[in-house]
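Just so you know, all these numbers are worked out from the coordinates, no wet-lab data involved. Fair warning: this is a prediction, and the values are worked out from it, not measured in the lab. So basically every Cβ, Gly included, is an ideal-geometry build from the backbone, and we count neighbours across all protein chains shown.
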Amino acid sequence: MRKLRAGEPVIGKDGQRLGSVERLIVDEQAHRVSHLVVRGRLVGVGKVRAMDDERLRADLDEEELLKQPEAHDPLVSPPGPHWVAPRGYALRDFLRIASALIGQEPYVPPVHLDLDMSAVHQLKAGSPVWSGRKQVGEVSELLTTDGDRVRALILRRPGLLGTRHVLAVVHVTEVVGTNVHVDLTEQEIAALPEPAS
């Protein structure tokens with residue numbers, strides 16, 4: 001594992017500088033860094049590798065970075081009074097996944113890059129679905145293949161009638177905790193097919 005630090009450069013897959021690490025996003029439940037904030041966007045640590053001791057390489061280019069979710073409330077929030085910054089860090093270097101549980105003990109955020117994120121994020125019924133900064137509905141059901149891989153989500157839209165749409169997983173850009181981010185606008189979502197009865 002490699003230690004992460006705020007301010008270190010992030011290089012894109014095309015070799016161009018995307019920006020620098022602004023903050024580290026910590027999932028308190030899993031006790032690990034799950035995302036980095038680069039130019040106000042959440043970049044999952046699964047998309048980042050160490051280039052050397054001074055720089056990180058992201059599996060994204062400029063256009064793909066701008067499609068990542070924005071680091072905003074209610075997805076992430078500043079650390080609470082129970083946080084204790086690790087030696088060499090300040091609390092302003094961290095944000096936490098807002099849906100994470102807060103324990104009663106002092107919490108020291110981790111600062112290492114750990115690429116095994118299997119226990120951190122999950123799609124499930126009730127997961128909020130976001131398009132940019134707007135919540136456009138929630139997952140009501142997961143549609144899977146015979147091999148139990150998720151192929152689509154049934155998205156329940158808000159409103160009196162609570163319309164439902166089939167959303168292919170190719171439109172999911174990121175999952176932060178249980179929050180699902182999609183690359184479709186509200187109009188594009190409204191045009192998606194409804195599930196068969």
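Assorted remarks:
Each row is one residue, and each column tells you yes or no for (1) in contact with a helix residue (DSSP H, G or I) (Cβ under 7 Å, 6 or more places away or on another chain); (2) among the hydrophobic types (A, V, I, L, M, F, W, C).
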{"residue": "H35", "(1), (2)": "yes, no"}
{"residue": "E63", "(1), (2)": "no, no"}
{"residue": "Q68", "(1), (2)": "no, no"}
{"residue": "S77", "(1), (2)": "no, no"}
{"residue": "L95", "(1), (2)": "no, yes"}
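- Unmet criterion (only one of (1) more than 18 Å from V172 (Cβ to Cβ); (2) in contact (Cβ under 8 Å) with a residue 40 or more places away in the chain) for Q68: (1)
- None of E62, E70 is among the acidic types (D, E) and either surrounded by 18 or more Cβ atoms within 10 Å (Cβ to Cβ) or under 18 Å from G177 (Cβ atoms) (or both) except E70.
- Tally of residues being touching a Ser or Thr at 6+ places or on another chain (Cβ under 9 Å) and among the small types (G, A, S) across the stretch 156-197: 3
- The residues in the stretch 13-32 that are crowded, with 18+ Cβ neighbours inside 10 Å and in a loop (DSSP other than H, G, I, E, B) can be counted, and the count is 2.
- Tallying residues that are closer than 16 Å to A6 by Cα and assigned to a helix (DSSP H, G or I) within the stretch 33-79 yields 1.
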